[in-house]
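Structure first, commentary second.
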Amino acid sequence: MAVGGWSGRPREVALGEVALGSVARALARALALGLALALALGVGAAGPAAGQEASDLSGVWRGRYDCNQGITGLTLTLAPAAATDRGSSALQGRFIFYEAPNNPGVPTGCFEMRGAVGLDGRIELIAGAWLLRPDGYVTVDLSGAVSEGGAAISGDVIGPGCTRFALRRDAPQVSDEEARCTLGDVAAAR
């Protein structure tokens, strides 16, 4: 007899001639969500840009990411850093998050990031020190790829309950959320 409706076998759903188990359905949903997020932000499906240098990525990148708190606004500022090993170019930056129009109430926060972009266009950024930390938040890492043409970056957010991020190169104007994470404001907040 099944307990709580569990028969001991995974339930399968027929999709045309292919039957998908629960793991495959979850993977398909995750891929569809990532693709939908990328398309909503205008990120193309082209492969990573080869031969990217850190200086090519310098500037302001804006978009969104998804973690436990829901879709969240993200501004990533990047600049070249000291050299790394051969085959990659070092980056330093700032991860600034804030409420998205469809998810009000997310607090503003920011932290430093360091990482590299490889010759294959893969970008890896590791979280550093908090500059402005809302209660209950943790830093996250980013692992992604620069789009062909270098106009977008998208990939995975590495952290508890997180999924994807998608960013587009933007003008260097400072928003209210970003102004809260300037060095002077952060020092005053401490």
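The values are calculated or read from the model by the stated rules, or taken from the named source; none is laboratory data. The structure presented is a predicted model; accordingly, all values stated were derived computationally and were not measured. No Cβ is skipped: glycine too gets one built from the backbone with ideal geometry, and neighbour counts run over all protein chains shown. Accessible surface is based on the protein model in full, side chains and every heavy atom, while ligands, DNA and RNA are left aside. Shrake-Rupley method; radii C 1.70, N 1.55, O 1.52, S 1.80 Å.
Before moving on, here are some points about what is shown:
- With K and R counted +1 and D and E -1, the other residues having a Cβ less than 14 Å from that of Pro160 yield a net charge of -3.
- Accessible-area ranking of Ile71, Ile158, Ile96, largest first, probe 1.4 Å: Ile158, Ile71, Ile96
- Placing a pseudo-label 7 Å from each Cα along the Cα-to-Cβ vector at Asp170 and Ile126 gives an inter-label distance of 2.8 nm.
- Shown in residue order for region 66-73 are the 3J(HN,Hα) couplings computed by the Karplus curve 6.51 cos²θ - 1.76 cosθ + 1.60 at θ = phi - 60°: 10, 9, 3, 6, x, 4, 10, x Hz (x for Gly and Pro).
- Under 5 Å, built H, 5+ apart or other chain: amide partners of Ala81: Ala90, Leu91, Gln92
- Both radii were evaluated on the Cα set of region 105-187; the Rg over Rh quotient, with Rh as the Kirkwood radius, amounts to 0.98.
- Förster-model FRET efficiency, 30 Å R0, Asp135 and Asp56, C-beta, rounded to 0.05: 0.25
- Less than 5 angstrom separates the built amide H of Arg180 from none of the residues sequence-distant by 5 or more or on a different chain.
- Using a probe of 1.4 Å, the accessible surface attributed to Arg94 totals some 50 Å² when neighbouring protein chains are kept in position.
- In order through region 142-159: 3J(HN,Hα) via Karplus (6.51 cos²θ - 1.76 cosθ + 1.60), integer Hz, x for Gly, Pro: 10, 9, x, 9, 7, 5, 4, x, x, 8, 8, 10, 8, x, 9, 9, 9, x
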